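As C-alpha cells, the structure follows; a few thoughts come after it.
The values are calculated or read from the model by the stated rules, or taken from the named source; none is laboratory data. Just so it is clear, the model here is predicted, and its values are computed rather than measured. All Cβ positions, even for glycine, are placed from backbone atoms using ideal geometry, and neighbour counts span all protein chains on display.
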Amino acid sequence: MLTRREALLGTVFAATVIAAAPVLSAEISKKDIAGLPRERVKLVAPPFVHDHDQVAKTGPKIVEFTMTIQEKPMVIDAEGTQLNAMTYEGSIPGPLMVVHEGDYLELTLVNPESSTLAHNIDFHAATGALGGGELTLVNPGEQVTLRFKATRAGTFVYHCAPGGAMIPWHVVSGMSGAVMVLPRDGLKDENGKPLRYDRIYYVGENDFYIPRDEQGRFKKYESAGDAYDDTVKVMRGLIPTHVVFNGAAGSLTGQRAMKAKVGETVLIVHSQANRDTRPHIIGGHGDYVWEQGKFSNPPAKDLETWFVRGGSAAAALYRFRQPGVYAYVNHNLIEAVELGATAHFTVDGEWNDDLMTQVAAPSAISGL
Ligand SMILES: [Cu+2]
C-alpha cells in the first residue's frame, strides 16, 4: 500500500513522465511524417466523391485537402426560400474527404476576406482537443493548416464549432460534412470477406430553421448576421422548417437524381451533424450497413431502415437488383415529403419478374 508521500511522489513522477512524453512523441512524429509521401486531392461537390483507392496501394501518406469557406445566400426549396448559408467549399454539405486508416489528413482551411464571420472545423475523425476546432479558428482574411492522423476507420462528421451560440447556428447554416477513413485493405463483411463498391454517393442531411413574417411567409435577410436573432428563436423551438438532403429540397431528385445500373453496388454515406435521421431506400435494402459508420464493427445485413444519430455519419452498401426510380428518404415521412428529405436513384437495367411482377393489372372487382 502506498503512503501519502509515496502516492504524491508517484503523482509527481507520473506528471514528469507525462510532461516528457509529448516532446519525445513530437520528435518521432516529426521525423516520421517528414519522410511520408504526400498526395494532393481536389475535392468535388456532393453527392459525388473524389477519386480514391478502396484498398490502399502503398503505406501511410499525407493526404492534402483545401477548403475555402463561403458565406452566401442559397435557395433551399422550390418556393425560393433563402438560407443565408455558411459553407465549406460552397456546397451543403461540405465535400466528403476520403483517406485510409493510418494516413494523415492535412487540411488547409481558407476564410476569405469577403467573409463576415470567424469559422473553424471540428473533425470527429480526429483525436485531440475540440477535434482541431481551437487550432483552426480563422478570421476573415486568414487561412490555417491542420494535420491529424486518421487512427479509426469509419465515416465521421466534421462541422464548424466557433464557440458558444455560434456552434449550432453555423451548423444549421450549412457548415458540416464528412470524412471517410477506409481500412487499408478496404471494406469487409462480418467474416472478413472483401466488400467493394462500383459507385459512391455522399448524402448530407440538414435541418434548417428559417424565420417567418407575420403572414407566415419565410423572411429574407441581407446577410447571415441580419438573420441571426430571428433564426435563433426558431432554432430554440427545435422544429425545423426544412429537413433536406444536400442543401435543398429536390437537390437529388429528377434530373439531379443519383444514378446506378442493375447489378452495381453503391456505397451511400449519409451524415447528419445536428439531428437524428433514418435513411430508407423505398423498394430496396441496406445489404451491409455500418449504422454507426465505424468499419471496425461488422456491418448489419438486410436492413430496411437504419438510424443515424445526430452528429454521426453512416455507410450503407446496396446492390441494385431492379431498374426504376427509387426514392431514398428519411423515413420520418413528414420530414421526407413535407419538409424535403427525399432523394432519388434512377437505376437502368432489366426488370426481374421473379423478384416482383404484377400478376393482375387493376381492373373492375370481379366478385370473387
Ligand atoms: Cu462557421
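Laid out as a table, the results:
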{"read-out": "Qualifying positions in region 119-131 - in a helix (DSSP H, G or I) and in contact (Cβ under 8 Å) with a residue 24 or more places away in the chain", "value": "LEU130, GLY131"}
{"read-out": "Filter pass, THR66 being surrounded by fewer than 20 Cβ atoms within 10 Å (Cβ to Cβ) and either within 14 Å of the ligand (Cβ to nearest atom) or more than 30 Å from ASP229 (Cα to Cα) (or both)", "value": "yes"}
{"read-out": "Entirely in region 132-205, the strands (runs of 3 or more DSSP E) that have 2 or more residues that are of a type in the set (D, E, K, R) and either under 21 Å from the mean Cα position of the chain (by Cα) or within 16 Å of the ligand (Cβ to nearest atom) (or both)", "value": "142-149"}
{"read-out": "Options THR241, THR265, THR253; residue that is closer than 15 Å to VAL347 by Cα, of a type in the set (S, T, N, Q), in contact with a Leu (Cβ under 8 Å, 6 or more places away or on another chain) and at pLDDT 95 or above", "value": "THR265"}
{"read-out": "Some residue of region 85-103 being within 14 Å of the ligand (Cβ to nearest atom) and more than 18 Å from the chain's Cα centre (by Cα)", "value": "no"}
{"read-out": "Tally of residues being within 11 Å of the ligand (Cβ to nearest atom) and under 19 Å from VAL181 (Cβ atoms) across region 110-131", "value": "2"}
